[in-house]
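The values are calculated or read from the model by the stated rules, or taken from the named source; none is laboratory data. These numbers were taken from a predicted model, which means no experiment stands behind them. Cβ coordinates were reconstructed from backbone atoms using ideal geometry, including for glycine residues, and neighbour counts include every protein chain displayed. Only protein heavy atoms, including side chains, enter the accessible area calculation; ligands, DNA and RNA are left aside. Shrake-Rupley method; radii C 1.70, N 1.55, O 1.52, S 1.80 Å.
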Amino acid sequence: MKKTLPAIIVHFVSITALIIVIGVLGIIATGTEAEGNEKFTGELERNITLRILENDTAKEQGYLKELLDAFNAEYAEYGITAVDANMDQYTDLETGGPYGYGPDVLYQANDALMKYVDGKHILPLPINRLDCYSFVSEKAWKAYHSTTGGQTFTFGVPVNIQQPLLYYRADLLPDNWKEAWDDDKNGIPDMIENWTDLYRYSKQIKQESNGTKYGYMKSLNDGYFASGYFFSYGGYVFGGEDGKDTTDVGFSKNEGYIGAKIIRQLATLMNLECTEDTITRNSYSRMAQGTYFATMTTPDVYTMFVKEMVNAGYTEAYAKENIKTVDVPRLPKSGDLEDESQGFIDMTVMGGVNGYAISSYTKAPNAALAFVDFATSYKMISRRCELLGISPARSDLAEELGGLNEIINNNLDSGSIYVMPSVRALAQVWTPLQTFCAKLADDALTGKNAFSTMEALKSGTQNVDKQIYDAIHTLGSA
């Protein structure tokens, strides 16, 4: 049967449209791979040395050496040797990379790595070639996404998920905690389940010891950890659908300013060391000595607490039995640590995704990608968990390990972890926020009472937002 002219035209338009759609989808689907493949040919460079920048904990606990030795044995036939870059863990690739002084592969948090995207200092990666690709959640990969010209590229490979955890000494719980500190009779001490009871117990320890011992202790000027109190009541860093709109700074937004009240109350449990970095530095040894009952820090430093307890005379087995880590306690809905009448809300915490990136200045991109693939394999991430106590981004391993590892992965997926925005402007957040938190703690401990009302707390938090905005848009950091 002959087709009419209109039918032929419709058929032609339909075919043309289909070709266009397929072409567009092809660009979207292969955009990341095509961009990465410009240098990632799949052919390994021979007889080269890769410089690997890892964090200090990985070095101190012997993990980096194991990783390098294992990789070098695997790739010896190609003449590829990976070595410690012997650089500070916070080495600035932007400064040294163009002159040949940077590492080939670097491991840092997502916000630290993604600041290098603007100047094209790190390479977009063909992540679907990696063994870990299908085992890492989209939320974790998203921390390393950057969109340009409608296409999304991935610049890092997730290794572990970071979120604050509560560390405590189980042997320093009161003997009668099951009777006096387990109101819901669920077999879990109330002081590790909610901040109201942790506040009450810490207050008791400080009073009974005349200030020689403390319950919960933390450097309250640390913005990374303190920010969670603001987030939990509706605050945020930057607005926008992707959390990267630097024209909208929001620590005070909604009822975020209530977090300032929580920080001020927590300070009363401590001493003036909480206004600066002293507690962060001495928390490992002070918990080992029994001076502190609990603190908050990230999962990857568990071995440091164990090491300090061994140094204090305990056996390693005793240390591992009594240094406990749990998800952060719940906060009172009322926003007052002395009022639990309205019940509790889950705490939203600042977190991040640590991972590997590859320098744009490397002369061996394919060998570097092989190293990243090896380092993020099930075997090596499993060993990293064992030695460093990290919470793996690989879901297969997190599920196998279970417990807190699975909880942290779920927290990331549910949004209880507020992932640090991967924008350069984040660097302008910390000084105003940390200065304000230090002032809150000092205000409570010295009796200055400049922030004793909710109006003053709200105004102070709004001023933090303004200072951050001005720093970003005056200095051109956005």
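Taking the listed residues Asp171, Asp182, Asp131, the one that is of a type in the set (Asp, Glu), under 27 Å from Val301 (Cα atoms) and over 23 Å from the mean Cα position of the chain (by Cα) is Asp171, with no other qualifying.
Taking first residues from the range 429-451 that are under 15 Å from Val464 (Cβ atoms) and in contact (Cβ under 8 Å) with a residue 40 or more places away in the chain and partners that are open to solvent by 40 Å² or more (accessible area, probe 1.4 Å) and small (Gly, Ala, Ser), the Cβ contacts under 6 Å between residues at least 6 apart in sequence or on separate chains come to Asp443/Ala450.
Restricting to the range 215-229, and then to whatever is touching a Gly at 6+ places or on another chain (Cβ under 9 Å) and open to solvent by less than 10 Å² (accessible area, probe 1.4 Å), can you tell me which residue is farthest from Thr348 (Cα to Cα)?
Residues of the range 215-229 touching a Gly at 6+ places or on another chain (Cβ under 9 Å): 224, 226-229.
From the residues that got through so far, the ones that are open to solvent by less than 10 Å² (accessible area, probe 1.4 Å) too are 226-229.
Values: Ala226: 11, Ser227: 9, Gly228: 6, Tyr229: 7 Å.
Across the range 215-229, the extreme among qualifying residues is Ala226.
Of the residues making up the range 427-463, those that are in contact with a Ser or Thr (Cβ under 7 Å, 6 or more places away or on another chain), open to solvent by less than 40 Å² (accessible area, probe 1.4 Å) and more than 13 Å from Leu220 (Cβ to Cβ) number 1.
Restricting attention to the range 410-423, the residues that are touching a strand residue (DSSP E or B) at 6+ places or on another chain (Cβ under 9 Å) and assigned to a helix (DSSP H, G or I) total 2.
Can you list the helices (runs of 4 or more DSSP H) lying wholly within the range 363-409 that have 1 or more residues being farther than 18 Å from Gln108 by Cα, among the aliphatic types (A, V, I, L, M) and without any contact (Cβ under 8 Å) to a residue 60 or more places away in the chain? Step through it out loud before you land on a result.
On the way: elements: 365-375, 378-388, 395-401.
Qualifying helices (runs of 4 or more DSSP H): 395-401.
Checking each residue in the range 279-296 for being open to solvent by 20 Å² or more (accessible area, probe 1.4 Å) and closer than 15 Å to Gly223 by Cα picks out only Thr280. With a requirement of 2 or more residues that are within 24 Å of Val83 (Cα to Cα), the strands (runs of 3 or more DSSP E) lying completely within the range 96-175 that satisfy it span 105-109, 157-162.
Note on the range 33-87: among residues that are loosely packed, with under 15 Cβ neighbours inside 10 Å and aliphatic (A, V, I, L, M), the one that is nearest to Ala357 (Cα to Cα) is Val83. Each residue in the range 424-433 was checked for being assigned to a helix (DSSP H, G or I) and either aliphatic (A, V, I, L, M) or on the phi > 0 side of the Ramachandran plot (or both), and 4 of them qualify.
Check the range 434-450 and report whether any residue there is in contact with a strand residue (DSSP E or B) (Cβ under 7 Å, 6 or more places away or on another chain), on the phi < 0 side of the Ramachandran plot and not small (Gly, Ala, Ser).
no
Can you tell me which residue within the range 392-426, out of those that are of a type in the set (Gly, Ala, Ser) and farther than 21 Å from Ile192 by Cα, is most open to solvent (accessible area, probe 1.4 Å)?
The first filter runs over the range 392-426 and keeps only residues of a type in the set (Gly, Ala, Ser), leaving 393, 395, 398, 402-403, 414-416, 422, 425.
Filter once more, keeping what is farther than 21 Å from Ile192 by Cα: 393, 395, 398, 414-415, 422, 425.
On the way: Ala393: 1, Ser395: 40, Ala398: 2, Ser414: 83, Gly415: 37, Ser422: 18, Ala425: 1 Å².
Filtering first and then ranking leaves Ser414.
When Ser283 is tested against the conditions (1) in contact with a Leu (Cβ under 9 Å, 6 or more places away or on another chain); (2) closer than 20 Å to Val326 by Cβ; (3) of a type in the set (S, T, N, Q), the lone failure is (1).
Test Met191 against the criterion of being within 20 Å of Ser341 (Cβ to Cβ) and touching a strand residue (DSSP E or B) at 6+ places or on another chain (Cβ under 9 Å), and give yes or no. Yes.
Of the residues making up the range 467-476, those that are surrounded by 13 or more Cβ atoms within 10 Å (Cβ to Cβ) and either outside any helix (DSSP H, G or I) or not small (Gly, Ala, Ser) (or both) number 6. Restricting the first member to the range 89-103 and to residues that are more than 14 Å from Ile122 (Cα to Cα), and the second to residues that are exposed (fewer than 15 other Cβ atoms within 10 Å of the Cβ), the beta-carbon pairs closer than 7 Å and six or more apart or on different chains are Gln89/Asp56. Scanning the range 176-214 for residues that are assigned to a loop (DSSP other than H, G, I, E, B), touching a Phe, Trp or Tyr at 6+ places or on another chain (Cβ under 9 Å) and open to solvent by less than 30 Å² (accessible area, probe 1.4 Å) turns up Trp181, Pro189.
Looking at the range 114-142, which of its residues are under 20 Å from Ile161 (Cα atoms), β-branched (Val, Ile, Thr) and in contact with a Lys or Arg (Cβ under 9 Å, 6 or more places away or on another chain)? Once the filter is applied, which keeps residues that are under 20 Å from Ile161 (Cα atoms), β-branched (Val, Ile, Thr) and in contact with a Lys or Arg (Cβ under 9 Å, 6 or more places away or on another chain), the range 114-142 yields only Val136.
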